[in-house]
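The values are calculated or read from the model by the stated rules, or taken from the named source; none is laboratory data. Small disclaimer: the values here were computed from a predicted structure and weren't measured. FYI the Cβ positions are ideal-geometry reconstructions off the backbone, even for glycines, and counts take in every protein chain you see. Only protein heavy atoms, including side chains, enter the accessible area calculation; ligands, DNA and RNA are left aside. Shrake-Rupley method; radii C 1.70, N 1.55, O 1.52, S 1.80 Å.
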Amino acid sequence: MSERPVLQPGPAHPITITPTRGRVTVTVNGSVVAESTEALTLQESNYPAVQYLPISDVDQSRLTRSVTASYCPYKGDAAYYHVGDVEDVIWTYEQPYPAVADIAGRVAFYPDKAEIVVQPA
């Protein structure tokens with residue numbers, strides 16, 4: 001079994017993490033499941049920006065841990081959650097690599113499964 005690669009962000013694949021200015025509200029199936037003024041925006045290479053919210057700002061009573069797992073060579077092992085009957089709508093890096101350590105304790109939502117609204121401050 002080969003080891004999984006661990007890659008560092010750099011000029012060819014930059015990753016930046018900055019505080020999100022304003023309030024982030026996340027709705028799944030028409031119901032608000034998260035609101036935060038403490039979100040972080042992660043911008044990775046040329047991918048769309050992602051909002052990472054503190055897990056404490058999510059209605060955790062609505063979450064069910066998924067068996068789904070994935071790996072990112074820049075961020076580490078990802079775990080997933082369902083919200084109600086919407087499967088794998090949330091992902092989280094519970095022990096992210098040092099280069100993205102700021103996203104520890106935070107979750108992100110798939111924009112095709114949740115409505116993510118950033119209201120500017």
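It is to be established whether one or more residues within segment 11-33 are of a type in the set (D, E, K, R), in contact with a helix residue (DSSP H, G or I) (Cβ under 9 Å, 6 or more places away or on another chain) and farther than 18 Å from residue 112 by Cα.
Within segment 11-33, not a single residue is of a type in the set (D, E, K, R), in contact with a helix residue (DSSP H, G or I) (Cβ under 9 Å, 6 or more places away or on another chain) and farther than 18 Å from residue 112 by Cα.
Please find, among 104, 12, 108, the residue that is on the phi < 0 side of the Ramachandran plot and open to solvent by less than 40 Å² (accessible area, probe 1.4 Å).
None of the others qualify; the one that does is 108.
Report, by residue number, each residue of segment 72-95 that is open to solvent by 20 Å² or more (accessible area, probe 1.4 Å), part of a loop (DSSP other than H, G, I, E, B) and closer than 24 Å to residue 18 by Cβ.
Matches in segment 72-95: 73, 74, 94, 95.
Looking at segment 15-41, which of the residues that are within 23 Å of residue 87 (Cα to Cα) and of a type outside the set (Val, Ile, Thr) is most open to solvent (accessible area, probe 1.4 Å)?
Taking the candidates together, the pick is 29.
Take segment 42-71 and flag every residue that is open to solvent by less than 40 Å² (accessible area, probe 1.4 Å) and aromatic (Phe, Trp, Tyr).
Matches in segment 42-71: 52 only.
Keeping to segment 77-102, report how many residues are under 19 Å from residue 10 (Cβ atoms), small (Gly, Ala, Ser) and in contact (Cβ under 8 Å) with a residue 24 or more places away in the chain.
1
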